[in-house]
Structures are given as structure tokens and as C-alpha cells.
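The values are calculated or read from the model by the stated rules, or taken from the named source; none is laboratory data. Everything numeric in this text was worked out from a predicted model, so none of it was measured. Heads up, the Cβs are rebuilt from the backbone with ideal geometry, glycines too, and the neighbour counts pull from every protein chain shown.
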Amino acid sequence: MTVKPTYKALEQRVKDLEQRVSEYTQTEASLKENQNVLRAAIENLPAEQKDTLMLKLEAGLDLQTIADVTGVNRETAKSRLRYAVKKMKQVMTGLELSQEI
């Protein structure tokens with residue numbers, strides 16, 4: 001024997017689905033906004049830091065290879081990467097704080 005849902009039960013399910021869609025839409029918009037902020041932060045890095053960060057993240061190169069490609073010594077590449085990561089962490093921390101507000 002199957003039980004047919006009542007009108008109130010169906011109405012509640014519709015409201016629940018609408019709420020979930022609304023939450024999803026807000027989350028999606030927030031993610032897009034965060035992506036835009038991160039892209040802008042990467043673009044605003046000094047060229048040397050941006051290049052080093054992208055070679056590490058996008059190409060997956062190790063520090064020595066990054067140094068060879070960019071024509072600097074390993075310690076310089078390491079320093080550039082460290083500064084770029086520090087700046088990106090600051091941006092990401094700011095994003096986390098703004099989401100809590």
C-alpha cells in the first residue's frame with residue numbers, strides 16, 4: 001500500500017527545494033566573486049612573483065626548474081614564490097573574514 005503525500009507535505013517539499021536552490025545560488029555567486037578577487041590578486045602581483053607562482057601552480061615545476069626557466073638562482077625563485085604565496089594568503093584570509101560578516 002502506497003501512501004500519497006498530503007498537499008501540506010508537498011507544499012513543504014517545494015519550500016525546502018526552493019530554499020536549497022536559493023542557498024545554492026548564493027553559494028555559487030559567492031564562489032564566482034571569490035574567484036574574481038583571487039584572479040585580480042594574482043594579476044596585481046609583481047610580474048616576477050606572478051610568473052613564479054603560475055609556473056609552480058599551473059605547470060607544477062619545482063624551484064630549480066622555475067629558477068632555470070626564469071634565469072635566476074634557486075633562492076631568488078624561492079623568495080619570489082614565498083612572497084607571492086604570502087600575498088595570496090592575505091587575500092584569502094580577507095575573503096574568509098568577509099564571508100563571516
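Leu17 - would you say it is free of Cβ contacts under 8 Å to residues at least 60 places away in the same chain, out of contact with any helix residue (DSSP H, G or I) (no Cβ under 8 Å at 6 or more places or on another chain) and over 27 Å from Gly94 (Cα atoms)? Even if it seems obvious, please write down each step before you answer.
On the way: free of Cβ contacts under 8 Å to residues at least 60 places away in the same chain: yes; out of contact with any helix residue (DSSP H, G or I) (no Cβ under 8 Å at 6 or more places or on another chain): yes; over 27 Å from Gly94 (Cα atoms): yes.
Answer is yes for this residue.
Filter the stretch 53-101 down to the residues that are of a type in the set (D, E, K, R) and surrounded by 14 or more Cβ atoms within 10 Å (Cβ to Cβ), then identify the one that is modelled with the lowest pLDDT. Out of the qualifying residues, it is Lys87. On the stretch given as the stretch 20-52, residues that are closer than 27 Å to Leu81 by Cα, free of Cβ contacts under 8 Å to residues at least 40 places away in the same chain, of a type outside the set (Lys, Arg) and surrounded by 10 or more Cβ atoms within 10 Å (Cβ to Cβ) total 11.
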